[in-house]
Amino acid sequence: MIHGNHDVLIIGGGVAGLVLALEIADRRRVTLLRPASDDQGASRWAQGGIAAVLSPGDDVDAHVADTQVAGDGLCDEAAVRFTVEQGPAAIERLLALGVPFTPDPSPDADYPYHLTREGGHGARRIIHAADATGLAVMETLKTHVAQHPAIEIRDDLTAIGLIGDVDGVCRGARCLDSQGRLHELLARDTALATGGASGLYRHTTSPLPASGEGMLMGAELGAELMNLEFQQFHPTCLYDPEGSPFLISEAVRGEGGQLLNLHGERFMPALDPRAELAPRDIVARAIDAEMQRTGSDHVLLDIRHLGEAAIRHHFPTIHAHCAGRGLDITREPIPVVPAAHYSCGGLTTDLAGATTVPHLYAIGEVACTGLHGANRMASNSLLECLVFARSCATALAEAAAAPSSAALRPLGAGSEPVDERVLAELRDALRRVMSARIAIVRRDAGLSIAAEQLVELQRELAPLVATGTPSVALAGLWQALRLARLTVASARSRRESRGLHYNPDCPDHAQGTPRPSRVYLADLE
Ligand code: SIN
């Protein structure tokens with residue numbers, strides 16, 4: 001089924017997609033693809049908050065400098081400055097929409113809302129809604145989006161690929177409905193807001209992470225991907241082998257939480273003067289090393305000294321979740337372990353979210369704007385979603401339509417049934433390779449093995465892709481596998497350790513100006 005005549009097609013309804021929809025809808029018609037699973041995406045689970053220069057005692061240069069230090073020399077300074085400068089206006093907009101940020105009632109507060117601290121930040125600059133900021137922002141945005149007459153929400157469709165024309169212009173998306181029927185939505189402009197690629201790993205901080213599907217959809221049209229090797233592992237996911245993944249916000253460390261090994265000893269102060277508030281790459285690596293040294297499968301995060309009232313006030317979600325799992329965090333330290341959390345790499349974009357493919361935009365975690373460099377600083381991600389969704393809307397309001405004469409590239413589709421169990425096994429194998437070979441520490445030998453194993457998995461899947469009936473599971477796995485290969489290729493090409501990419505075979509920074517890594521799907525062929 002071909003549906004022509006869409007204007008702005010947005011794929012993904014987390015914070016980035018919802019903000020873009022709202023910001024552009026007064027000027028252009030929007031079709032928002034938002035399957036129900038988007039309610040469980042990364043935005044919803046973002047606990048900590050949004051970093052912005054809000055307190056009169058803070059300043060733009062300080063936020064820029066902290067971001068660059070966390071990014072270990074690889075941030076694009078223009079992208080950092082742009083994001084930080086636009087931050088306060090983006091927060092004002094959320095306040096105007098009614099997001100219930102936590103107020104600061106103290107009489108000597110210099111800003112009306114409570115600002116917390118997280119790793120890498122030299123100041124209190126994180127505005128939050130208790131410990132469920134992403135959820136609060138999402139709920140407010142969803143209410144406004146649902147009421148806007150120019151936004152059509154399609155929760156019945158899941159995108160499985162993009163449509164390009166013979167001139168290399170993006171023309172919309174190819175989708176499946178819940179009956180497995182194919183729909184082609186032709187659009188003047190298409191924006192991907194599909195999330196990152198943490199789902200390539202076995203242990204993640206959220207239950208339903210994306211696996212880079214959107215990144216690969218863009219790459220299939222020839223778009224450039226940047227910095228894929230920088231996969232962030234959040235230092236503190238709840239260690240709960242029987243439960244579903246659950247993040248223990250960095251704000252717990254920001255408010256004084258201390259990391260202990262299983263002997264009850266603090267280990268961060270000896271490693272870094274910033275101790276528990278060092279940037280995430282450093283803390284996650286330290287926990288990984290401590291676990292190896294002591295032969296344990298987790299460490300502890302102790303917040304008891306804050307007192308029960310403060311713990312319940314600041315961290316009601318974490319307190320309630322842990323209580324539901326039989327753990328009273330006011331009386332016992334929290335068992336934690338690092339888990340895949342955020343992809344710093346993605347589709348290369350400019351400051352308006354434009355990818356290298358005409359009429360294709362990318363915002364949020366699917367994009368690589370240059371803001372995060374080699375390691376994202378805490379709470380800069382929701383900030384990036386807001387700022388780039390808004391700048392993308394401004395660009396889209398002014399964008400000229402592509403000439404409509406070019407023919408569409410033909411799309412293939414098989415019709416043989418595909419056994420979903422085979423797909424689940426292959427996905428599991430993919431995650432095992434990624435978690436074993438290209439996680440917190442990656443070595444040359446492990447990367448070579450990963451490259452071979454992923455080629456083998458791709459060989460197994462290719463015949464199913466050629467002949468099988470298209471499905472969300474099949475398309476997603478095909479995209480995830482090739483993205484995994486490109487991630488390994490990016491890691492192999494970086495002959496240094498920097499930020500989240502730590503390779504003991506080349507443990508130092510390379511000489512000279514640090515460079516982003518850039519890859520294309522054509523590199524695999
Ligand atoms: C957290 O609360 O630690 C997660 C927020 C983020 O990743 O920035």
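With a cut-off of at least 1 residues that are closer than 30 Å to F388 by Cβ and not aromatic (F, W, Y), name the strands (runs of 3 or more DSSP E) lying wholly within region 263-355. Write out each step before concluding.
Working: elements: 299-302, 334-343, 346-348.
Those strands (runs of 3 or more DSSP E) span 334-343, 346-348.
Take the conditions (1) more than 19 Å from R124 (Cβ to Cβ); (2) more than 14 Å from the ligand (Cβ to nearest atom); (3) buried (at least 18 other Cβ atoms within 10 Å of the Cβ); I311 misses just one of them, which is (1).
Residues that are modelled with pLDDT of 95 or more and more than 21 Å from L135 (Cα to Cα) within region 97-111 comprise just one, Y111.
In region 269-285, how many residues are on the phi < 0 side of the Ramachandran plot and more than 16 Å from the ligand (Cβ to nearest atom)?
So in region 269-285, the residues on the phi < 0 side of the Ramachandran plot come out as 269-274, 276-285.
Filter once more, keeping what is more than 16 Å from the ligand (Cβ to nearest atom): 269-273, 285.
Residues in region 269-285 being on the phi < 0 side of the Ramachandran plot and more than 16 Å from the ligand (Cβ to nearest atom): 6 in total.
Would you check which residues across region 364-390 are more than 15 Å from the ligand (Cβ to nearest atom), crowded, with 24+ Cβ neighbours inside 10 Å and either polar (S, T, N, Q) or part of a helix (DSSP H, G or I) (or both) and list them? Correct list: V366, T369, F388, A389. Residues that are surrounded by 24 or more Cβ atoms within 10 Å (Cβ to Cβ) and of a type outside the set (S, T, N, Q) within region 337-358 comprise P338, A339, A340, H341, Y342, C344, G345, G346, L347, G353, listed in sequence order.
Quick check on region 194-205: of everything there that is over 17 Å from S43 (Cβ atoms) and more than 16 Å from the ligand (Cβ to nearest atom), which residue is modelled with the highest pLDDT?
First, pick out the residues of region 194-205 that are over 17 Å from S43 (Cβ atoms): 200-203.
Among the residues that remain, those that are also more than 16 Å from the ligand (Cβ to nearest atom) are: 200, 202.
Values: L200: 98, R202: 94.
Here the residue is L200.
Among the candidates D108, D39, the residue that is touching a residue at least 12 places away in the same chain (Cβ under 8 Å), out of contact with any Leu (no Cβ under 7 Å at 6 or more places or on another chain) and open to solvent by 40 Å² or more (accessible area, probe 1.4 Å) is uniquely D39. When residues in region 232-255 are screened for being modelled with pLDDT of 95 or more and among the polar types (S, T, N, Q), 2 of them pass. Residues in region 218-252 that are under 19 Å from T204 (Cβ atoms) and acidic (D, E): E229, D240, E242, E250. Residues in region 198-227 that are within 15 Å of T369 (Cβ to Cβ) and not in a loop (DSSP other than H, G, I, E, B): G214, M215, G218, L225, M226.
All conditions but one from (1) over 17 Å from P279 (Cα atoms); (2) open to solvent by less than 10 Å² (accessible area, probe 1.4 Å); (3) not in a helix (DSSP H, G or I) apply to S249; the one that does not is (1). Comparison of L225, L208, L238 shows that the only residue that is away from the ligand (no atom under 15 Å from the Cβ) and open to solvent by less than 20 Å² (accessible area, probe 1.4 Å) is L225. Here region 438-455 is the region considered, the condition is being touching a residue at least 24 places away in the same chain (Cβ under 8 Å) and of a type in the set (D, E, K, R), and the residue that is least open to solvent (accessible area, probe 1.4 Å) is R442. Candidates are the residues of region 54-70 that are open to solvent by less than 20 Å² (accessible area, probe 1.4 Å) and of a type in the set (A, V, I, L, M, F, W, C); the one that is farthest from the ligand (Cβ to nearest atom) is V64. The set of residues from region 508-518 being open to solvent by 70 Å² or more (accessible area, probe 1.4 Å), out of contact with any Lys or Arg (no Cβ under 8 Å at 6 or more places or on another chain) and not acidic (D, E) comprises Q511, T513, R515, R518. Conditions: (1) farther than 30 Å from R498 by Cα; (2) buried (at least 17 other Cβ atoms within 10 Å of the Cβ); (3) of a type in the set (S, T, N, Q). Q458 meets all but one. Number of the miss? All conditions are met except number (1). Here G476, G468 are screened, and the one residue that is open to solvent by less than 60 Å² (accessible area, probe 1.4 Å), touching a helix residue (DSSP H, G or I) at 6+ places or on another chain (Cβ under 7 Å) and in contact (Cβ under 8 Å) with a residue 60 or more places away in the chain is G476.
The values are calculated or read from the model by the stated rules, or taken from the named source; none is laboratory data. Model, not experiment: these values are computed from the prediction. So basically every Cβ, Gly included, is an ideal-geometry build from the backbone, and we count neighbours across all protein chains shown. For accessibility, only protein heavy atoms count, side chains too; no ligands or nucleic acids. Shrake-Rupley method; radii C 1.70, N 1.55, O 1.52, S 1.80 Å.
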